[in-house]
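**Q** A single structure is presented below for examination.
No lab work stands behind these numbers, since they all come straight from the coordinates. This is a predicted model, so every value here is computed, not measured. Don't worry about glycine lacking a Cβ; one is built from the backbone with ideal geometry, like all the others, and counts go over all protein chains shown.
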Amino acid sequence: MKTVLLEEMSWLQIKNAMEAGYKTVVIALGAIEQHGPHLPEGTDSMLGYTMAEALAKELGNALVAPTIRPGLSEHHMAFPGSLTLRLSTFVAVMEDYVDCYIRHGFEAIVLFPTHGGNFKAVDDFTNAAVEKYPNTKIICCLNNKVTTKLSEEFAKESGIPVNILGSHSGYAETSIMLASYPHLVDMHLAEEGFVGDFTAEVREKMFKEGMCGVTKNGILGDARNANAEFGKKNKERIVKACAEVVRQQL
C-alpha cells in the first residue's frame, strides 16, 4: 500500500486492506494550543499523525484515522490561538469515531493521545469501553504512567534531567518536532521554561490557574539544546512502547 492514512485512501483501497487483515485502526488525539514561542500551535496534532503512522507500520496490520483535534486545552487559553473543546464534545467525537469504525468492521481501535491534557478523558473512555463495546478491542496506548516511565528512561540514558526534557515544548518535544517537521521550528526563539520539579502541586496549579500560572512562555522544560537526533530516538522509543501496550492487549 502507498499509505496507511485512511483519509488518503479510497473506500475500495480501505476495503481491500481490511480484507487483507488490516482490522486495527489507530486514532491519534491531539490538540491545537500554544507550544511556546518556537513551536506551532498544531504540534500535538502534527505529531499525532506522524507517530500514529509509525505505530501502524510497527504493528503491521493497522490503518490510521484522521487525527482528532482540537483537544482539551483549557489551561492554554491565556495564549492567543489556542482552542479547546468541552469535555462532553471531546468524548462525543471519540464515541462517533469509534462507532463509525466498528460499523465498518474494524476489530481493534487504538486510541493514541498525543496531548497530555487528553490523557484522563481517553483513559476514562477506554475503561468504560469494555462494557460498552464488548465485541471490539478499545485500547489506550499512551498515558501518564507510560510517559513518566519513558521520561525516566530517556533521562537515565541521555544524562539530560527530566525537568529539562520537560513535558510540554521542552527539550524532548522540540527534538521530536525537529526530527519530524524541522521547517516549522524556530530555534532562535527556543527558551527555558519551567524547570522546577513538576510535583502534584504544580500540576494542580497548572490546571487551576492555567499554564501561565506556572510558565510565562508556555514551556515546561528547556528547549534551547533540542536536536533532531534525540528526537528521532525519542519518537522511536515512544512508538515501540505504545506498540508493546497494544500487543499485550490484543
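**Q** Give the cysteines in the chain for which no other Cys Cβ lies under 4.7 Å away, or write none if there are none.
**A** Taking the Cβ cut-off of 4.7 Å, the unpaired cysteines of the chain are 100, 140, 212.
**Q** Could I ask something else about it? Collect residues whose amide H, placed 1.01 Å from N in the peptide plane, falls under 5 Å from the amide H of residue 26; neighbours closer than 5 in sequence don't count.
**A** Under 5 Å from the amide H of residue 26 lie the amide H atoms of 63, 64, 65, 110, each far enough along the sequence or on another chain.
**Q** A follow-up question, please. Listed here are the pairs 149/240; 132/208; 145/216; 57/233; 57/120; 57/232; which of them are more than 21 Å apart at the Cα?
**A** Among 149/240; 132/208; 145/216; 57/233; 57/120; 57/232, the Cα-Cα distance tops 21 Å for 132/208; 145/216; 57/120.
**Q** Another question about this same structure. With θ set to phi - 60°, apply the Karplus curve 6.51 cos²θ - 1.76 cosθ + 1.60 along the stretch 22-37 and write out the HN-Hα couplings as whole Hz, x wherever there is a Gly or Pro.
**A** 7, 9, 10, 10, 9, 10, 7, 10, x, 7, 10, 7, 4, 9, x, x
**Q** So what J values fall out for the stretch 6-13 if you push phi through Karplus, 6.51 cos²θ - 1.76 cosθ + 1.60 with θ = phi - 60°, rounded to Hz, Gly and Pro as x?
**A** Running phi through 6.51 cos²θ - 1.76 cosθ + 1.60 with θ = phi - 60° gives 4, 6, 9, 10, 7, 4, 5, 4 Hz.
**Q** Search the structure for amide H atoms under 5 Å from the amide H of residue 138, placed 1.01 Å from N in the peptide plane, and list their residues when 5 or more places away or on another chain.
**A** When sequence neighbours closer than 5 places are left aside, the close amide H contacts are 109.
**Q** Oh, and also: With +1 on each Lys and Arg Cβ and -1 on each Asp and Glu Cβ, how big is the dipole of the stretch 6-249 about its Cα centre, in debye rounded to the nearest 20?
**A** 400 debye
**Q** Out of the DSSP beta bridges found with both residues in the stretch 1-151, what percent are antiparallel (nearest 5)?
**A** 5 percent
**Q** Could you run the Karplus curve 6.51 cos²θ - 1.76 cosθ + 1.60 with θ = phi - 60° over the stretch 119-130 and give me ³J(HN,Hα) per residue in whole Hz, x for Gly and Pro?
**A** Ordered by residue, 3J(HN,Hα) equals 3, 5, 5, 6, 4, 4, 4, 5, 4, 6, 5, 4 Hz.
**Q** Name the long-range amide H neighbours of residue 71: under 5 Å, sequence gap of 5 or more, or other chain; modelled H, no Pro or chain starts.
**A** So residue 71 has HN proximity to 32, 85.
**Q** Still on this structure, please answer the following. How charged is the neighbourhood of residue 238? Take every other residue with its Cβ under 12 Å from the Cβ of residue 238, and add Lys/Arg as +1 and Asp/Glu as -1.
**A** After counting each charged neighbour, the total is +1.
**Q** Additional query: What is the P(r) of the chain, as percent of Cα-Cα pairs per 10 Å bin from 0?
**A** Binned Cα distances yield the sequence 7, 32, 36, 19, 5, 0.
**Q** How many percent of Cα pairs in the stretch 92-205 exceed 16 Å?
**A** Within the stretch 92-205, distances greater than 16 Å cover 69 percent of Cα pairs.
**Q** Same structure again: For the stretch 6-249, with the dipole built from +1 on Lys and Arg beta-carbon atoms and -1 on Asp and Glu ones, taken about the Cα centre, which of 93, 215, 184 lies farthest toward the positive end?
**A** Of the listed residues, the answer is 93.
**Q** Further, regarding this structure: At R0 = 45 Å, how high is the FRET efficiency between residue 157 and residue 132 if r is their beta carbon distance? Nearest 0.05 is fine.
**A** Efficiency computed from Cβ-Cβ geometry: 0.70.
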